[in-house]
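> Got a structure for you, written out below as structure tokens; questions coming shortly.
The values are calculated or read from the model by the stated rules, or taken from the named source; none is laboratory data. In this text the structure is predicted, and so the values were computed from the model without any measurement. Counting neighbours? That spans all protein chains shown, and the Cβs are built from the backbone with ideal geometry, glycine included. We work out accessible area using only protein heavy atoms, side chains counted, and drop any ligands, DNA or RNA first. Shrake-Rupley method; radii C 1.70, N 1.55, O 1.52, S 1.80 Å.
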Amino acid sequence: VLIPGYWFMYNMYALSRNVGKYMSRDKRTDKSQQIEYDYLAPDSVNEMFEGLRIMEKATATAFAKTNKRAIADTSASSADLEKTGKDLLEKKGPGIAKLEILASGFENSSRKVELVKVPEAWSLFNELIIYYGITELMGFIQKRNISSWQKLLQALPAKPVRNSWKNIGGQLIPVNAVHSLIRDIRSGKISSWDEVHDFYRRKSDLYPREKFQHAFASLVEILGITPQKFTRKLFFSLLEQAVTTKEWMTRNIYVSRAKDYENPFRRMVYDTQEEMDKVMGKLSDNSFIRQQQEELEQFQHLVKSLRNKFS
């Protein structure tokens with residue numbers, strides 16, 4: 001089994017293009033209901049956190065097996081396994097890549113299920129969660145027009161919670177709110193479709209704020225800090241890391257699309273490069289790639305302006 005995070009590295013073009021493609025296909029006349037199209041959103045980020053736990057536990061188990069150490073099957077030992085696996089993956093020891101890392105419960109069969117490229121996928125998941133958190137924070141600063149570091153600290157949630165979410169027909173809603181809706185329907189407090197639709201509209205209006213709460217909670221959790229330890233120095237460091245991640249994304253969008261032009265099975269149906277360019281269009285003329293490069297420049301400019309604003 002190839003952990004999806006590594007697959008992500010080679011499919012940046014499709015993932016990124018789908019965001020704009022799905023938005024352009026949204027032909028609703030009333031778009032007041034917020035539909036989430038981004039691949040980095042509360043539900044997918046929560047799945048990435050779960051993926052990290054799976055990788056950490058599997059890595060620690062493989063390490064223990066290789067070193068002939070017994071493992072107790074308890075909830076306490078599960079937490080210890082995750083901590084041990086995290087330490088091993090953070091240190092990136094040369095022996096980790098050689099481990100046979102197996103997953104349990106993935107298939108209803110007796111064959112072994114191996115996780116490959118675990119160190120790379122684990123690092124990527126961490127990087128993407130940080131990117132999700134810092135980019136949502138950047139958007140929050142812009143929307144609130146926050147002009148100083150002190151005002152930013154006052155605006156940040158003191159006790160952010162990374163809650164669970166449900167994808168309800170494309171609209172993301174916290175699980176506790178969904179359960180509340182179901183209880184109200186069963187009790188008769190909500191007794192008409194109009195009232196159900198009102199619930200959807202209210203949650204849609206709250207989505208930007210609730211998404212930011214989730215993003216900031218995810219950021220401090222992945223960094224292993226409390227909100228009180230979110231310093232200006234750390235903020236500047238994360239801004240630079242976000243630029244690096246954005247550059248990596250933009251580069252891999254180009255690389256993943258270029259693979260289509262280099263694929264021998266695609267090329268074999270064309271007699272010449274000129275014929276292929278006429279049918280597929282030149283890679284250098286790809287409008288989406290150009291758009292992504294422009295967005296990278298805008299992102300770099302925004303980071304620079306934020307550093308100047310809060311320095």
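> Considering only Leu153, Leu234, Leu88, give the residue with the highest GNM mean-square fluctuation for the chain, with springs between Cα atoms whenever their separation is below 10 Å.
Most flexible of the set in this elastic network: Leu234.
> Let me ask something else. Per residue, what accessible area does the chain have, given a 1.4 Å probe and all protein chains present, in Å²?
On a per-residue basis, 59 Å².
> Pairs to check: Lys91/Lys112; Lys31/Lys309; Lys229/Lys304; Lys83/Lys117. Give those whose C-alpha atoms are more than 25 Å from each other in this structure.
Distance filter (> 25 Å) returns Lys91/Lys112; Lys31/Lys309.
> For a quick protection proxy, order the peptides 109-120, 17-28, 46-57 by their average other-Cβ count within 10 Å, most packed first.
46-57, 109-120, 17-28
> If you don't mind, there's one more thing I want to ask. Above 11 angstrom, tally the Cα pairs of the range 130-170 and express them as a % of all pairs, no decimals.
Looking at the range 130-170, the distances longer than 11 Å represent 74 percent of pairs.
> Further, regarding this structure: Could you tell me which label, among (i) 0.92; (ii) 0.97; (iii) 1.16, carries the value of Cα Rg over 2.2 N^0.38 Å calculated for this structure?
For Cα Rg over 2.2 N^0.38 Å, the calculated option is (iii).
> While we're looking at this one, here's another question. For the range 140-240, take the convex hull of the Cα atoms, compute a quarter of its surface area, and give me that in nm², please.
Dividing the Cα hull surface by four gives the mean projection, 8.1 nm².
> Mean Kyte-Doolittle of at least -0.5 and a Cα length of 30 Å or more along the axis: which whole DSSP H helices of the chain meet both?
Working: long enough: 42-66 (36 Å, -0.22); 118-144 (39 Å, 0.36); 193-223 (43 Å, -0.73); 232-262 (44 Å, -0.58); 287-310 (34 Å, -1.02).
Membrane-span-like by this criterion, though nothing is claimed about a membrane: 42-66, 118-144.
> I need the shape label for the range 89-181. Rule: rounded when a/c is under 1.5, else prolate if a/b > b/c, else oblate, with a, b, c from the alpha carbon gyration tensor. All intermediate terms of the calculation are to be shown ahead of the outcome.
Values: a/c = 3.43, a/b = 1.56, b/c = 2.20.
Note, shape of the range 89-181 comes out oblate.
> Right, here's the next one. Leaving out ligands, DNA and RNA, what percent of the accessible area of the chain is carbon and sulfur, probe 1.4 Å?
50
> Tell me, what is the percent relative contact order of the chain, built from C-alpha pairs under 8 Å that lie six or more residues apart?
So the answer I get is 25 percent.
> Can you compute the FRET efficiency between Gln171 and Arg53 using 1/(1 + (r/R0)^6), with r the Cβ-Cβ distance and R0 = 25 Å? Round to the nearest 0.05.
FRET efficiency, Gln171 to Arg53: 0.40.
> How would the range 189-311 be classified by its alpha-carbon gyration tensor: rounded, prolate or oblate, with rounded meaning a/c under 1.5 and the a/b versus b/c comparison settling the rest?
oblate
> On to the next question. What residue among Lys166, Lys91, Lys83 has the largest mean-square fluctuation in a Gaussian network model of the chain, using Cα springs under 10 Å?
Among Lys166, Lys91, Lys83, the largest GNM mean-square fluctuation belongs to Lys91.
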